[in-house]
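What follows draws every value from the coordinates through simple rules; no lab data is involved. Owing to the predicted nature of the structure, the values given are computational and were not obtained by experimental measurement. Note that each Cβ is placed from the backbone with ideal geometry, even for glycine, and that neighbours are counted across all protein chains shown.
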Amino acid sequence: MKGPEGSSFPPGTLTVVDPAQAAVVTDRTELRRLAPFMRGECTVTEAATALGLGLTPAYKLVQRYLRLGLLSESRREARAGRALRHYRAPGAFYVPFHVRPFEQMGEANRGAGLQAFERNLEQAMHTRTWEGWGSLSCFTPAGDVYYEFVSEAGEVWEPLARGAPLILAGWNRVTLSPEEARTLQRQLAGLLIPYLNRQGTGEPYQVGMFLAPDRP
């Protein structure tokens, strides 16, 4: 790894040229595990606390990142018995696309995110009873096919009703001009951006937004 010269990257940014390292630092789950060491000097115990892990899993993570060359031992603190080891990782990483193509990076992260979303969605949906309900497959007013949840009595489930699970799910096909597609892209991003990069209170929610031309 080497640092890019003459760039406006964050101080300490390292350029990754090893594919095994690149696979880790472009994986958002792995990055969250590496984050305590990217923020500054950290012991295994401190990392375990920050990540909500036991000492053994945290120790295994540290050993793996050391073998990959993503962590280094920054100092040893003398104490009775075994010295306390502190570790540190670079504060930022730059991975050229010729090392890790964006297709691989995106597919891996989306795949992991969708797997987690399916688990989270199942748990949220099973907070209510669905006895006597089913799915009705039909057409939208625009003529596309879709399905919705309907009771045997013909009651349509309203996912935005008060008390409904706090979820949004489903792929939708819409017909847009290039200008409309650009407007929708900006509107969707504008909805999410205010909630990013802030220290909020409450519980975490998983939010995914996807938009791409739907071509055969």
How large is log10 of I(q)/I(0) for the chain at q = 0.08, 0.09, 0.15 Å⁻¹ when the intensity is taken from the Debye formula with one equal scatterer per alpha-carbon? -0.47, -0.58, -1.19
Estimated FRET transfer efficiency (Arg67, Leu196; beta-carbon r; R0 30 Å; 0.05): 0.35
Mind putting together the pair-distance distribution for the range 53-102? All Cα pairs, 5 Å bins, whole percent per bin, short to long. 5, 16, 17, 23, 18, 10, 6, 3, 2, 1
Pop the C-beta distance of Asp144 and Leu184 into the FRET formula with R0 = 22 Å and round what comes out to the nearest 0.05. 0.85
Report Rg (one decimal) and Dmax (nearest whole number) for the range 117-162, counting Cα atoms only, units Å. 12.3, 32
Mind jotting down a quarter of the surface of the convex hull over the alpha carbons of the range 1-123, in square nanometres, one decimal? 9.3
Per principal axis, descending, Cα span of the range 18-74 in whole Å: 29, 23, 20
Between the alpha-carbon centers of the range 51-117 and the range 162-185, tell me the distance in whole angstrom. 35
Which value, in nm² and rounded to one decimal, describes the direction-averaged projected area of the C-alpha convex hull of the range 113-216? 9.3
